[in-house]
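This report concerns only the one structure given below.
The values are calculated or read from the model by the stated rules, or taken from the named source; none is laboratory data. The model shown is predicted, which means the values in this text are computed figures rather than measured ones. Using ideal geometry, Cβ is built from the backbone for each residue, glycine included, and neighbour counts are taken over all protein chains shown. Note: areas computed on protein heavy atoms with side chains; ligands, DNA, RNA excluded. Shrake-Rupley method; radii C 1.70, N 1.55, O 1.52, S 1.80 Å.
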Amino acid sequence: MAQAGGLDFEKSLVELEKKIEEIKNFTDGRQMDMQEEIQQLEEKAQELREGIYDNLTPWQIVQISRHLKRPHTLDYIHGMFADFMEMHGDRAFIDDRAMVGGVAWLDDKPVMVLGTQKGKDTKENIVCNFGLPLPEGYRKALRLMKFAEKFNMPVVTLVDTAGAYPGLEGEERGVAEAIARNLREMAYLDVPIVVVIIGEGGSGGALGIGVGDRVLMLSNASYTVITPEGCAAILWKDRAQAARASEILKITAPDLKRLGVIDDIIPEPEGGAHHDPQVVIEQVKTFLQKHLAELSKKTVNQLHEDRYRKYRSIGFFTDVIPQTAEDEERLVEKPATGKKTVKKKKTSESNDVQ
Amino acid sequence: MDWFRKPKYMTVRVAKKDKKPGIPDNLVTRCPSCSEIIFNTEIEKADRTCPKCNHHFQMSAQGRLAILADNGEFIEQTSGKITAADPLNFPGYKEKLAKSKKRTNLEDAILAGICTIGGIKTGLAITDFGFMGGSMGSVLGEEVTRLIERSIEEKIPVVIVSASGGGARMQEGIISLMQMAKTSAALSRLAAAKQMYISVLTDPTGGGVTASFAMLGDLIVAEPKALIMFAGPRVIEQTIRQHLPKRFQRSEFLLEHGMIDMIVNRQNLKQTLSRLLTISPK
């Protein structure tokens, strides 16, 4: 039976589970039959579990998505692939340990897999800088993606970061440029890209390796333009109101699917990925196999076109003056040759979410 | 003798303040850089720079259009006119939009269209810090993308002037973040079409705008002493507790660190752009 992870909202469940465990230990080897009581308590625990995990609030999901014990990028890489040969460095400055990547084999085919790496404890986190990449991390990622393009293998990126490292070094060495370049290059990479948000998707730092043909997201992952704490600080000058901000920001997988930002949701075991890492790693692998198989049928041109259209169509606005046929004509008319190119499909959207 | 006694009270007649010809509030400005008091007309004449110390004041999109485009004219955007929706139903967003629209006389934080600069037909977009910090939401992302797409069709170069200290617009949540991917993808097409893109960075430019189209210019030009950043200095100080050097994240700092091509005074900007645009394929 899964043990709850020790987050605030799980307290009552953790206590109950502990009590059951104590009774079990106590009765063990003694001439006592408390099976019935244990059964009852376990039923109660299950009820409690469902009550909590079936009704997670966005803020609770944020906490699960940041959980220290959650499987991280390297856990997935080692769990999903037959072999993994890590590659290091941006060939210019350093090897950023917050970004890992290399070639791995999925069903005997090479895949380029890369992602942001968080640690499970402070010691690990010091090595990987808490999963906050430097510009060199993004440059390494791009180098590996270009390698994949050259040798025609698909790219899988695993996203789990609070964001790019917000510090002097990053600014000095152009973290904004590094992310921007990745966005531009990933839009037209010749090979399929599947992105999986496995934990925290923190703004530009996540998007810097997050442009792809398919964006998948674990059911308890979060993906946001600003941390709920940061948003609360701006809105109400109070970081403690993060829970409220997380409701507003729409950062859970179902919300993001509704907004058209992600394509598929990968279910997690009850209570979150850390309750049963093996199951969730298998699950991610199955989803990857499915999406990579679909994408492998596309030509390079199709990949480019579909990827462009995917991002081109994201946006919510209202037409004040709609594009007119006349405007369209003017747009496509080529006076020099007198030839008219094919009319472009109207791209304007005026969806209403709420 | 009462005659020589000083009166206890004296009434001094003072002309009413509002009737006296004084200095109206909007006549002079104290330069925040050199502290000189300067006539506003002189600042305006110098394209909103300080004639004493060359401090560059912030400028509206319309003001920039007037000094960059030939005759200050352009055909606004490709087609249609769009305005922000409120996809997240974000508290206070609608009010903020209404207020910004009124103040700036803009539909959103951007002006975009086709003009000529030094006689060269160019796609020009200008973001405006006065409209919610020049932040990028759906409208700004769409306008930039439409402009780039149209410029590809018309085979003309693109100039984008950024004054977007706000970065990605929080009020549109993840949708704003995706505008970074959208505009960068469009620039990928522009690059493939071998059309030139010049990015002009002005004070201030940050966050999601810096980490997308602003840093992707074939050439990157900045105005003097502009704040150009990814994470804001306050964010860095708070989260990392690092002491930041003087001039950190200013244009000169970026030039030293190899992030931009050149720093150009606003009064020379048009001339510089005109010259650079001649390199662009006809």
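Evaluated with a Cβ-only charge set (Lys, Arg +1; Asp, Glu -1), segment A:64-126 carries a dipole of roughly 380 debye about its Cα centre, given to the nearest 20. Along the axis of the charge dipole computed for the protein assembly as shown (Cβ charges of +1 for Lys and Arg, -1 for Asp and Glu, origin at the Cα centre), the listed residues A:236, A:73, B:219 are led at the positive end by B:219. Near residue B:110, the amide H atoms lying under 5 Å from its own belong to B:128; only residues 5 or more places off or on other chains count, and H is placed 1.01 Å from N. The slack in the chain from residue A:108 to residue A:239, taken as 0.36 nm per residue of separation less the alpha-carbon distance, amounts to 42.3 nm. Each of the peptides B:130-140, A:122-132, B:163-173 was scored by the mean count of other Cβ atoms within 10 Å over its residues; in descending order, highest first, they stand as B:163-173, B:130-140, A:122-132.
Note down the relative contact order for segment A:64-312 as a percent, whole number, built from C-alpha pairs under 8 angstrom at least six residues apart.
Working: 507 pairs, mean separation 43.1, N = 249.
Relative contact order comes out at 17 percent.
Taking the Cα centre of the protein assembly as shown as reference, the dipole from Cβ charges on Lys and Arg (+1) and Asp and Glu (-1) amounts to some 3540 debye. Helical runs assigned H by DSSP (4 residues or longer) give chain A a calculated mean residue ellipticity at 222 nm of -13500 deg cm²/dmol, each run adding -39500 (n - 2.57) before division by the residue total. The listed residues A:49, A:309 rank as A:309, A:49 when sorted by accessible area, largest first, using a 1.4 Å probe.
Given B:160, B:196, B:262, which one lies farthest toward the positive end of the charge dipole of segment B:58-276, if we put +1 on the Cβ of every Lys and Arg and -1 on the Cβ of every Asp and Glu? Positive-end residue among those listed: B:262. Label-to-label distance for residue A:95 and residue B:237 is 3.7 nm, based on points extended 7 Å past Cα in the beta-carbon direction. Counting Cβ atoms of other protein chains within 10 Å of each residue's Cβ and taking the mean over peptide B:271-277 gives 0. Across segment A:101-219, the relative contact order, built from alpha-carbon pairs under 8 Å that are at least six residues apart, equals 27 percent. The stretch between residue B:261 and residue B:39, if pulled fully straight at 0.36 nm per residue, gains 76.6 nm over its current Cα-Cα span.
Relative to the Cα centre, what is the charge dipole magnitude of chain A, using +1 at the beta carbon of each Lys and Arg, -1 at the beta carbon of each Asp and Glu, and rounding to the nearest 20 debye? Each step should come with its number before you reach the end.
Details: 47 positive and 57 negative charges, 367 e Å.
The dipole of chain A has a size of about 1760 debye.
Which FRET efficiency, nearest 0.05, do residue A:87 and residue B:194 yield, Cβ-Cβ r, R0 35 Å? That pair, residue A:87 with residue B:194, gives E of 0.65.
For segment A:121-186, the residue among A:164, A:134, A:180 whose Cα projects farthest onto the positive side of the dipole built from Cβ charges is A:180.
Per residue, how much accessible area does chain B show when a 1.4 Å probe rolls over the protein heavy atoms, in square angstrom? That works out to 47 Å² for each residue.
Do the alpha carbons of any pairs in A:118/B:94; B:45/B:101; A:250/B:81 sit beyond 32 Å of each other, and which pairs?
Violating the 32 Å Cα-Cα cut-off are A:118/B:94.
Packing order of peptides B:141-147, B:88-94, A:295-301, B:40-46, highest average first: B:141-147, B:88-94, B:40-46, A:295-301 (average count of other Cβ atoms within 10 Å over each peptide's residues).
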